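The values are calculated or read from the model by the stated rules, or taken from the named source; none is laboratory data. Note that the structure is a prediction, hence the values are computed from the model and not measured. Positions of Cβ are generated from backbone atoms using ideal geometry, with glycine treated the same way; all protein chains shown enter the neighbour counts.
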């Protein structure tokens with residue numbers, strides 16, 4: 001079923017719309033959530049919450065295309081869960097290993113002079129992503145948006161794990177240079 | 001900034017970039033998984049067999065007791081290593097260097113054309129065979145407040161020598177909606193130097209075939225001999241009725257003939273399109289060179305009186321079966337298709353000169369300050385692909401499965417997506433009519449082609465048109481005072497022209 005039809009059904013408050021959305025996207029969202037939470041039960045709940053958010057937000061929203069909206073929602077829910085879980089553990093690592101690599105790019109601590117406008121950072125990231133090829137975007141976002149493992153990405157993109165790691169590491173360096181150039185680092 | 005900031009900001013990036021995740025998450029068909037595994041297994045098996053063969057030969061060449069000695073042991077251990085790590089483990093069939101450097105080509109368009117932009121991007125990428133720049137479509141908001149704010153900031157950007165690379169806009173919006181267009185009067189924008197001259201790019205283009213376009217309409221995008229804008233869609237005022245209900249030996253061919261027409265039914269029918277496009281009874285509305293209207297207030301008063309007096313919708317609609325009482329556009333063509341067994345009478349609205357004035361409803365142009373003018377133009381010229389006029393769109397065979405099948409890119413592009421942007425007919429009007437988009441009778445096709453040939457003026461639909469139409473609605477619909485309304489309208493038109 002097309003996204004348009006799913007959205008039409010959701011606009012009619014039909015449960016079938018939700019069922020079709022689940023059928024189409026549940027697996028993808030689960031994979032993303034599981035990468036971040038590293039816990040299948042939590043990931044499952046996160047996906048349920050994402051679909052509940054869709055049910056509550058559509059209408060009035062009509063996210064077109066639907067999948068990126070669901071990705072963002074699921075990711076935000078998963079990241080929030082990570083944060084809560086880390087607070088409970090009092091200082092335990094609150095992000096998965098994949099995301100930890102981004103420490104290469106950034107400072108360890110926030111300093112007043114480095115405090116920046118969040119919108120500016122998002123704009124800079126958008127500009128960075130617009131400059132790289134689709135495959136590089138998939139690698140970068142796969143790793144740092146969705147927390148994918150190198151081996152899984154390598155398999156899907158027909159690359160070796162090593163070349164995948166090298167390419168992602170180059171992308172990190174490229175992002176660092178880009179953020180420096182934009183005065184954000 | 002900490003990496004937490006970065007991670008959180010990543011969660012709010014433009015959703016369009018998340019489409020790339022499809023490369024990772026797209027489900028692979030079962031047959032492809034099986035194929036992949038089979039190939040991997042076969043490659044491993046072959047490498048093992050080859051290696052064992054090499055060892056056997058080596059052992060054969062090495063004689064007697066040496067085989068059992070240390071050298072023999074070394075060979076066996078090398079074999080084990082090779083078996084664990086077959087040499088063809090890293091296929092990498094696709095080049096990693098597919099990166100398109102540089103910023104994306106930004107094209108500003110209307111939100112209502114969102115579906116069209118997807119189709120356009122797909123077609124463009126397909127035709128460029130992977131060698132295409134990134135395209136970023138920016139949509140003007142449909143929410144009036146957000147739209148006004150964005151238009152104000154865009155105007156500032158454009159004046160400051162920035163802004164998008166190209167524009168793909170509806171001028172019809174000025175007439176058919178309350179939404180503010182980016183350019184209240186596209187022709188004035190052209191004269192203000194906002195657009196890039198396109199002559200060289202058009203001449204170099206392999207896609208734009210000038211013999212296909214309606215020259216009069218296309219030339220409206222010119223200033224002198226320089227083409228700044230490319231009209232995409234246009235319409236004309238026209239009434240089409242069932243010939244059984246209204247016998248028309250010869251339709252009036254000039255505005256004066258319409259006024260002199262003795263057949264009241266015919267006259268009132270022809271006032272239908274005049275009511276929607278009063279400006280089309282004049283050859284043009286504005287003399288942009290001298291910054292003034294082409295008619296005086298008295299002439300406008302007379303014209304409005306003529307149309308208001310002749311327009312008697314109630315009487316006409318009861319006696320004449322009308323397919324359209326206003327304009328040439330796709331719903332009309334669909335209606336003609338559905339009723340092709342009937343005989344139709346075509347009554348195009350003539351202007352004072354005896355020709356027909358066309359209203360350009362959608363156009364494309366490249367920003368004079370574009371960072372990527374060539375790339376922007378290469379996207380826009382895709383709109384002139386003849387294949388996009390048809391229901392098939394651009395067709396390619398997909399050979400990746402056992403049963404090759406045809407994939408259609410941009411079917412219904414003109415007949416659906418472009419109509420969402422603006423009502424009208426393609427500037428490649430005759431090719432459009434001859435495409436398989438509509439199956440209308442030969443007689444109707446001939447009559448429409450005659451209308452196309454009679455077009456002797458074309459202008460971009462603007463706020464001037466909507467102001468004129470609004471005045472008529474006030475006078476006929478709300479019984480507003482004629483002279484006072486005309487005086488106000490004339491002043492408003494002058495003001496708009498001065499401000500544009």
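Going through region B:248-281 one residue at a time, which ones are more than 25 Å from residue B:486 (Cβ to Cβ) and free of Cβ contacts under 8 Å to residues at least 24 places away in the same chain? Spell out how you get there, then give the answer.
Within region B:248-281, the first condition is being more than 25 Å from residue B:486 (Cβ to Cβ), and the residues that meet it are B:248-251, B:253, B:262-263, B:265-266.
Once the filter is applied, which keeps residues that are more than 25 Å from residue B:486 (Cβ to Cβ) and free of Cβ contacts under 8 Å to residues at least 24 places away in the same chain, region B:248-281 yields B:249, B:250, B:262, B:263.
When the strands (runs of 3 or more DSSP E) confined to region B:337-422 are screened for residues that are surrounded by fewer than 20 Cβ atoms within 10 Å (Cβ to Cβ), those reaching at least 1 such residues are found at B:394-398, B:405-409. Quick one: would you say residue B:244 is touching a residue at least 40 places away in the same chain (Cβ under 8 Å), assigned to a loop (DSSP other than H, G, I, E, B), out of contact with any helix residue (DSSP H, G or I) (no Cβ under 8 Å at 6 or more places or on another chain) and surrounded by fewer than 19 Cβ atoms within 10 Å (Cβ to Cβ)? Spelling it out, residue B:244 is indeed touching a residue at least 40 places away in the same chain (Cβ under 8 Å), assigned to a loop (DSSP other than H, G, I, E, B), out of contact with any helix residue (DSSP H, G or I) (no Cβ under 8 Å at 6 or more places or on another chain) and surrounded by fewer than 19 Cβ atoms within 10 Å (Cβ to Cβ).
Give me the residue from region B:6-16 that is more than 16 Å from residue A:147 (Cα to Cα) and assigned to a helix (DSSP H, G or I) and, out of that set, nearest to the other protein chains (Cβ to nearest Cβ). Can you show your working first?
Applying the first criterion (more than 16 Å from residue A:147 (Cα to Cα)) to region B:6-16 yields B:14-16.
Of the ones still in play, those that are also assigned to a helix (DSSP H, G or I) are B:15-16.
On the way: B:15: 3, B:16: 7 Å.
Looking at the filtered set, the residue picked out is B:15.
Just to verify a result, which residue in region A:51-63, among those that are modelled with pLDDT under 90 and under 19 Å from the mean Cα position of the chain (by Cα), is surrounded by the most Cβ atoms within 10 Å (Cβ to Cβ)? Here the answer is A:54.
Out of B:425, B:475, one residue alone is in contact with a helix residue (DSSP H, G or I) (Cβ under 8 Å, 6 or more places away or on another chain), closer than 25 Å to residue B:116 by Cα and crowded, with 18+ Cβ neighbours inside 10 Å. It is B:425. Filtering region A:51-65 to residues that are closer than 18 Å to residue B:25 by Cα and free of Cβ contacts under 8 Å to residues at least 40 places away in the same chain leaves nothing.
Given the structure, is residue B:389 in contact (Cβ under 8 Å) with a residue 40 or more places away in the chain and within 20 Å of residue B:169 (Cβ to Cβ)?
Working: in contact (Cβ under 8 Å) with a residue 40 or more places away in the chain: yes; within 20 Å of residue B:169 (Cβ to Cβ): no.
Against the criterion (in contact (Cβ under 8 Å) with a residue 40 or more places away in the chain and within 20 Å of residue B:169 (Cβ to Cβ)), residue B:389 does not qualify.
Quick one: which residue in B:439, B:408 is modelled with pLDDT under 85 and out of contact with any helix residue (DSSP H, G or I) (no Cβ under 8 Å at 6 or more places or on another chain)?
Numbers: B:439 fails: out of contact with any helix residue (DSSP H, G or I) (no Cβ under 8 Å at 6 or more places or on another chain).
Criteria check complete, one pass: B:408.
Among the residues of region B:292-334, those identified as more than 28 Å from residue B:424 (Cβ to Cβ) and either in contact with a helix residue (DSSP H, G or I) (Cβ under 6 Å, 6 or more places away or on another chain) or at pLDDT below 85 (or both) are B:297, B:301, B:309, B:314, B:315, B:318, B:319. Filtering B:266, B:201, B:196 for residues that are surrounded by 14 or more Cβ atoms within 10 Å (Cβ to Cβ) and more than 28 Å from residue B:419 (Cα to Cα) leaves a single hit, B:266. Does at least one position in region B:215-223 carry a residue that is touching a helix residue (DSSP H, G or I) at 6+ places or on another chain (Cβ under 6 Å), crowded, with 17+ Cβ neighbours inside 10 Å and closer than 22 Å to residue B:453 by Cβ? No: zero hits. Pairs linking a residue in region A:122-146 that is more than 7 Å from chain B (Cβ to nearest Cβ) to a residue that is surrounded by fewer than 18 Cβ atoms within 10 Å (Cβ to Cβ), with Cβ atoms under 6 Å and 6 or more positions apart or on different chains, are A:124/A:182. Would it be correct to say that residue B:254 is over 22 Å from residue B:176 (Cβ atoms) and in contact with a helix residue (DSSP H, G or I) (Cβ under 7 Å, 6 or more places away or on another chain)? Answer is no for this residue. Within region B:122-157, if we keep just the residues that are in contact (Cβ under 8 Å) with a residue 60 or more places away in the chain and in contact with a strand residue (DSSP E or B) (Cβ under 6 Å, 6 or more places away or on another chain), the residue that is nearest to residue B:383 (Cα to Cα) turns out to be B:123.
Looking only at residues of region B:172-188 that are touching a residue at least 40 places away in the same chain (Cβ under 8 Å) and surrounded by fewer than 22 Cβ atoms within 10 Å (Cβ to Cβ), we find that the one that is nearest to residue B:373 (Cα to Cα) is B:188.
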